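Presented below is the structure to which this report refers.
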Amino acid sequence: MSRTRFADLIQRQLELFEHEQAALIADCEHAERAYDAADREEAEERYSEYLDLVETGTDVLADLRDNFAMTMDEEAAEEYEQAFNRAVASRLPRFALEIENS
């Protein structure tokens, strides 16, 4: 993550997410392994389960980001949101695919 004025804050927020959502992250990892191991008949269902979990994590991250951004002026909020999204892409890539659309 490139250093921005929000780098330390975002690092702490993502650490908190990882701590508070450890079970969800583990569930994502388990679901991804189940999908990888699934036979052809089960693969679609397993992938759908994985995507549901990823969507939940993405929503939690987007809420965290958006709630904090609401406390800033528009210019700072935009800079923060972009830095947050980049940090998620770097640190938690499974949740990054849809973070910008959330």
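Each value in this text was obtained by applying a stated rule to the coordinates, not by laboratory testing. Quick caveat, the model's predicted, so the values are computed rather than measured. Glycine gets a Cβ as well: all are built from the backbone with ideal geometry, and neighbour counts include every protein chain shown.
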Nearest-0.05 FRET efficiency for H19 and T56 at R0 = 25 Å, using Cβ-Cβ distance, is 0.95
For I99, net neighbour charge (Lys/Arg +1, Asp/Glu -1) across residues whose Cβ lies under 12 Å away: -3
hull vol. (C-alpha, convex hull) per residue for the chain, Å³ -> 86 Å³
Between A43, A31, A62, where does the largest GNM mean-square fluctuation fall for the chain, given springs only between Cα atoms within less than 10 Å? A43
